[in-house]
Structures are given as C-alpha cells and as structure tokens.
C-alpha cells in the first residue's frame, strides 16, 4: 500500500515542476515585447533547472525545481528611432525570445502536467479499489 502513496507523491512532484514551468513560460510570453534602452539589460528568458529526487533507499521519488537559468541580458538591439527609449543612434534593446519557442514549451509543459494528473488519478483509483476490497 505504501507504493500507492509513493506514486501519488511522485505524480504530485511532477505536477509541481510542470506548473512552475508553465508559470515561467507565461512570464516569458508576458514580457516578450518589453523594450529597454541600450544602457540597461533586456528581459531575460526563464529556463528551469530540474533535478530528480530519490528516497533514502535510492529509488526515484519524483522531481523538483533546482533553480532558474536566465537568457541573454544583451537581448536584441534593434533600430527604432521613434521609440521613446531609443538612444542617440535610434537603438533599443528587446528580449531575445521567439513566440514559437514559448508556445512549444507551453505545450510540452501542459502535456507533462496532464500526464502527471492522469498518473495521480490512476493511483488514487487503485487506492480506492484496495480500500473497497478490504470492506
């Protein structure tokens, strides 16, 4: 029966990781059109560092977010002479991100989250069946 509980825990950690990834992607998309002057860094894309978690016996116990990596602070310098933040040469700094990449990351995170939810639900149903047998 403890294996059923460990399955629930592993699925929960997976849901936590994918939820955090979705949050990072949403942050990236929300800041994709940020503009800054050339003397300040551009918005930096967020990437998650994820590591496996093991239990005391050495078996897998899920995953956790170990940290965050950031994209290039230099971004893309573009010529926009009419922009209020443009420097004397008409240049501004924009984040170095592509919307298509962010949409792919979002779909991967959604599918991973859904897979962990399905695992959680299957383990819960197995647990409920075990309890029903004991009645």
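All of the numbers you see were taken from the coordinates with simple rules; none came from a lab. Please read all numbers here as calculations on a predicted model, not as lab measurements. We place every Cβ from the backbone using ideal geometry, glycine too, and count neighbours over all the protein chains shown.
Observations on the structure shown:
- Comparing Cα centroids, region 17-40 and region 64-110 end up 8 angstrom apart.
- Under a Gaussian network description of the chain, with springs only between Cα atoms under 10 Å, the residue in 18, 79, 113 that fluctuates furthest is 79.
- Helix-only arithmetic for the chain: the sum of -39500 (n - 2.57) across DSSP H runs with n ≥ 4, divided by the residue total, places the mean residue ellipticity at 222 nm at -17000 deg cm²/dmol.
- Measuring nothing but how far apart in sequence close Cα pairs (under 8 Å, 6+ apart) lie, relative to its length, region 2-133 scores a relative contact order of 33 percent.
- Each peptide among 46-52, 64-70, 25-31 gets the average number of other Cβ atoms lying within 10 Å of its residues, and from highest to lowest they stand as 25-31, 46-52, 64-70.
- On Cα atoms only, tilt of 99-133 relative to the major axis of the chain in degrees: 10 degrees
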